[in-house]
Amino acid sequence: MTMSILRSVPLALLAIGSLLLGGCAGLQRLEPVEVVLVGVEPLQGEGLELRMLVKLRIQNPNDMALDYDGVSVRLDVQGKPFATGVSNAAGSVPRFGEAIMEIPVSISVFNIARQAIGVAADRFRGRLAYEMTGQVAGPAFGSVRFASKGELTLPAEIMQGGR
C-alpha cells in the first residue's frame, strides 16, 4: 500500500505542476494604455491655487476591458512640477476601445509665476516641454502607469509682448 502511494506522488506533483503552468500561460500581459490630453476647463479655485478640469482620453489596446476605480495625474512643465490631481471616478475602458476621464487638478500660483518668468525671459524660445504621468487604478488589474510627453508652441503674440 505504501509503495503504491509513493509511486503516485510524482504523478500527482507532475499533474499539479502542469495545472500551474497552464494557469500562468492564461495570464495575459497587458499592453500599456495610451493617454492623451483632450481638454481643459476652469474650475473654482481657492486662495493661491488655480483649479482646472483635465479631460484625458484613455485608449485600451488590450483584448479585455479595463475596469478602473481611480486615477492620478501629474503635469510637469519644463521639467518642474506644475499641476497634480486625483479622482476616485469608476468606470470601464472597453477592449480595443477608449473612454474619457475627467480629473480635477490643482495648480499653485507659485508654479504659474515660475513658468511666466521663464516665458518673459524667453528662456524657452517660445516652446514649453511638458510631461504628463500618472496611473489608472483598477480592482482586477491593479494600477496601470502612463506617461506622455510633448511640446507646446506659444503664440507669437505672447513672445512679442503683444506688439
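Key figures for this structure:
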| read-out | value |
| --- | --- |
| By accessible area with a 1.4 Å probe, ligands and nucleic acids excluded, highest first: order of 84, 133 | 84, 133 |
| Per-peptide average of other Cβ atoms within 10 Å, ordering 40-49, 70-79, 112-121 highest first | 70-79, 112-121, 40-49 |
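The values are calculated or read from the model by the stated rules, or taken from the named source; none is laboratory data. What you see is a predicted model, and the numbers here were worked out from it, not measured in a lab. A quick note on method: Cβ atoms are made from the backbone with ideal geometry, for glycine too, and the neighbour counts reach across all protein chains shown. Protein only, heavy atoms only, side chains kept; ligands, DNA and RNA dropped before computing areas. Shrake-Rupley method; radii C 1.70, N 1.55, O 1.52, S 1.80 Å.
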